[in-house]
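> My questions all concern the structure below.
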Amino acid sequence: MTSAAPASAPEAPTRAARAGALMALSTLAMAGASAIQAVLYLGEYGATARTDAFFAAFAVYQVVGVFTQATRVSSVPLLVGDRAIGMLRFFGAMAVVALPIVIACGPLAGPVSSLLAPSATGDAHDLATTALRVLGLAMILQLGAAGAATLLGMRDRFESVAAAYAVGAFAGLVTFLLVRTHGELALAWSMLAMAVVTAGWSAWSLARVRREEVASGVGGGGLAAIGDHKNRFVVQCIQTAGDLLGRSVVYFVINAFFLVTLAVVGREGGAGATTVLSYAYLLASYLVAGTSTAVGISRAPDMVRGAQDEWDTVVADTVPHGYRYAAFVSAPILAAGIVAATPVVDALLPSALGDAQTASLARAIGLLGPWLAAALLLNFAIPGLFAIGRSRTVNLLAPVALAVHLAVTVLAAQVAGVDLVIAAMVVAPLSLFTVLVVIGTGAQLGAVTREIVLDTVRAAGLAAVAFAAGLGVSTGIGLDGIPQAAVTLIVGGALYAGGLFLVAPRVVQVLLGAGRGGSAESTPTSDD
């Protein structure tokens, strides 16, 4: 199987690795800030009917947030090639895309809250409605930030993009620390502050690039180019928005799986169940965003350009190689969450969760492991299918996958309750990925499948053995609470790192090379 990723220049592998590392680091910075806020929020408000109502609204923010980041991949084909649209038309289309958010989180916030949290009444319902309105503003700003980040990425300005999201995450954290004792809406205000700073920084960076382009004579005409053709421009923006939504609907649908699961878990699990699952999903979803989505965003322009020459190798080159690094990075973090959740929560937040809720948190993190693998695979496969012109096929399959998820979730709830409902989240995304990889790889399907299965077994097996050994050591010497968690993580992390050098040395080389911006190849051979 060929190992060379589509590229537009000889130095593209190093550049792609560097760009992917920058995007991953900025996303993980956001994850770190969110983790701090999540722990403080849990300690302040616990898991109650009110936090369930808030997290029902927050789930919409998560889903739309992933969708906005997905537009940074799906919009690339509109910005590359002879028929590429201009910057002004692109932002006009993004404004059209934002209209449903304005409506759902504005005049329809009350009914939407009732749909998301049917068991919430009185103050809890009012909390969900207000949260949806505040978070709606954050969603719109994040959509604008994603648009600016897309255009900056097309110009290889990934440093500016990474800085915007990292600084925004810091601003959100500071805001949360200032308002965290002022009610459950503290997290919503934090997300709004993060969106304001991220959008502002991105817009400022793009304006600088725009001035440079105009000064060098390569910039467009700006607003003056519209002239007397305002109506035509509006129609073009609507058409482009339709095209963009058509390319992106799959991202919304596959992330809406969580809304379905969350609603069923809230109904079946009682007070606090929605909150507990939201925390577990927050960890898993940020791992997806920090690995597969970030790399997909950074490589999307090269994939589109490369697909014009060697379309039949794009998916086969991208999916197994990208998944390998994402899996080996995500597996130890997920394992750490499983073994550390109970002792950390019991020690630091003894009154936040009951014993049953603490156990269900660790269990939910583990049950989301298969979903994490499927989500990683999808986030590598979808940009590849888009790059080779199969966006229509992908988006036609998305509603089918949603129907499968609905059926499987309802069946799981009837058969075995909450745990099986969470575990069943893997069925629809894995089924969708299976169909997509068959479409995208053709004769190379067997080789791609073998690589994916082998890497999954290696990453999951190594993480399980390493952190189980760490837990055995900490338990064997009689530790509990924070000391137990610390020893478990230190021993488990050391064993995992050592094992990684043995089972996948090329992965270590590439990850270290990407972090340095050095010469390690971004797409090694399959001989790891």
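The values are calculated or read from the model by the stated rules, or taken from the named source; none is laboratory data. Keep in mind that what you see is a predicted model, and the values were worked out from it rather than measured. In this analysis, Cβ positions are derived from the backbone assuming ideal geometry, glycine residues included, and neighbour counts consider all displayed protein chains.
> Going through L385, L367 one at a time, which residue ends up being touching a helix residue (DSSP H, G or I) at 6+ places or on another chain (Cβ under 8 Å), touching a residue at least 24 places away in the same chain (Cβ under 8 Å) and under 29 Å from T274 (Cα atoms)?
Numbers: L385 fails: under 29 Å from T274 (Cα atoms).
Step by step, each of L385, L367 is checked, and only L367 is touching a helix residue (DSSP H, G or I) at 6+ places or on another chain (Cβ under 8 Å), touching a residue at least 24 places away in the same chain (Cβ under 8 Å) and under 29 Å from T274 (Cα atoms).
> If you don't mind, there's one more thing I want to ask. Would you be able to tell me the number of residues in region 38-94 that are more than 30 Å from V345 (Cβ to Cβ) and of a type in the set (G, A, S)?
8
> In the set T342, T393, which member is closer than 29 Å to G272 by Cβ, modelled with pLDDT under 95 and over 21 Å from the mean Cα position of the chain (by Cα)?
Exactly one of T342, T393 is closer than 29 Å to G272 by Cβ, modelled with pLDDT under 95 and over 21 Å from the mean Cα position of the chain (by Cα), namely T342.
> Then there is this: Please state which of the following conditions T198 fails to meet, knowing it meets all the rest: (1) at pLDDT 85 or above; (2) more than 25 Å from F386 (Cβ to Cβ); (3) assigned to a helix (DSSP H, G or I).
Going through (1) at pLDDT 85 or above; (2) more than 25 Å from F386 (Cβ to Cβ); (3) assigned to a helix (DSSP H, G or I) one by one, T198 breaks only (2).
> Considering N395, N379, which residue is of a type in the set (S, T, N, Q), touching a residue at least 60 places away in the same chain (Cβ under 8 Å), surrounded by 24 or more Cβ atoms within 10 Å (Cβ to Cβ) and out of contact with any strand residue (DSSP E or B) (no Cβ under 7 Å at 6 or more places or on another chain)? Reasoning before the result, please.
Values: N395 fails: surrounded by 24 or more Cβ atoms within 10 Å (Cβ to Cβ).
Of N395, N379, the one residue that is of a type in the set (S, T, N, Q), touching a residue at least 60 places away in the same chain (Cβ under 8 Å), surrounded by 24 or more Cβ atoms within 10 Å (Cβ to Cβ) and out of contact with any strand residue (DSSP E or B) (no Cβ under 7 Å at 6 or more places or on another chain) is N379.
> Continuing with this model, one more query. Within region 471-502, can you find the residues that are assigned to a loop (DSSP other than H, G, I, E, B) and in contact (Cβ under 8 Å) with a residue 12 or more places away in the chain? Give the derivation first.
Let us first name the residues in region 471-502 that are assigned to a loop (DSSP other than H, G, I, E, B), namely 477-480.
Once the filter is applied, which keeps residues that are assigned to a loop (DSSP other than H, G, I, E, B) and in contact (Cβ under 8 Å) with a residue 12 or more places away in the chain, region 471-502 yields only D480.
> When region 25-57 is examined, which residues are found to be surrounded by 24 or more Cβ atoms within 10 Å (Cβ to Cβ), under 18 Å from A284 (Cα atoms) and among the small types (G, A, S)?
Pass one, region 25-57, residues surrounded by 24 or more Cβ atoms within 10 Å (Cβ to Cβ): 26-27, 47, 51-57.
Now restrict to residues that are under 18 Å from A284 (Cα atoms): 26-27, 55-56.
Answer for region 25-57, where residues must be surrounded by 24 or more Cβ atoms within 10 Å (Cβ to Cβ), under 18 Å from A284 (Cα atoms) and among the small types (G, A, S): S26, A56.
> Kindly evaluate L436 against the criterion of being modelled with pLDDT under 95, of a type in the set (A, V, I, L, M, F, W, C) and surrounded by fewer than 19 Cβ atoms within 10 Å (Cβ to Cβ).
No, not satisfied.
> Please go through region 109-139 and give me each residue that is small (G, A, S) and over 15 Å from D52 (Cβ atoms), ordered by number.
Going residue by residue through region 109-139, those that are small (G, A, S) are 109-110, 113-114, 117, 119-120, 122, 124, 128, 131, 136, 138.
Scanning region 109-139 gives A109, G110, G136, A138.
> If you take the residues of region 458-472 that are buried (at least 23 other Cβ atoms within 10 Å of the Cβ) and over 13 Å from V329 (Cα atoms), which of them is farthest from the chain's Cα centre (by Cα)?
That would be G470.
Each row is one residue, and each column tells you yes or no for (1) touching an Asp or Glu at 6+ places or on another chain (Cβ under 7 Å); (2) free of Cβ contacts under 8 Å to residues at least 60 places away in the same chain; (3) under 23 Å from G153 (Cβ atoms).
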{"position": "T175", "(1), (2), (3)": "no, yes, no"}
{"position": "R180", "(1), (2), (3)": "yes, no, no"}
{"position": "L192", "(1), (2), (3)": "no, yes, no"}
{"position": "G200", "(1), (2), (3)": "no, yes, yes"}
{"position": "A207", "(1), (2), (3)": "no, yes, yes"}
{"position": "E212", "(1), (2), (3)": "no, yes, yes"}
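> Right, F67: under 14 Å from A241 (Cβ atoms) and out of contact with any Cys (no Cβ under 7 Å at 6 or more places or on another chain) or not? Give the derivation first.
Numbers: under 14 Å from A241 (Cβ atoms): yes; out of contact with any Cys (no Cβ under 7 Å at 6 or more places or on another chain): yes.
Taking the combined requirement at face value, the residue satisfies it.
> Restricting to helices (runs of 4 or more DSSP H) lying wholly in region 93-192: which have 1 or more residues that are surrounded by fewer than 21 Cβ atoms within 10 Å (Cβ to Cβ), in contact with a helix residue (DSSP H, G or I) (Cβ under 7 Å, 6 or more places away or on another chain) and among the charged types (D, E, K, R)?
Values: elements: 109-116, 123-154, 158-179.
Those helices (runs of 4 or more DSSP H) span 123-154, 158-179.
> Any residue in region 229-256 that's under 15 Å from P100 (Cβ atoms) and touching a residue at least 12 places away in the same chain (Cβ under 8 Å): show its pairings with residues that are outside any helix (DSSP H, G or I) and of a type in the set (S, T, Y) at Cβ separation under 6 Å, as long as the two are six or more apart or on different chains.
Once the first residue is under 15 Å from P100 (Cβ atoms) and touching a residue at least 12 places away in the same chain (Cβ under 8 Å) and sits in region 229-256, its partners that are outside any helix (DSSP H, G or I) and of a type in the set (S, T, Y) give L244/S75.
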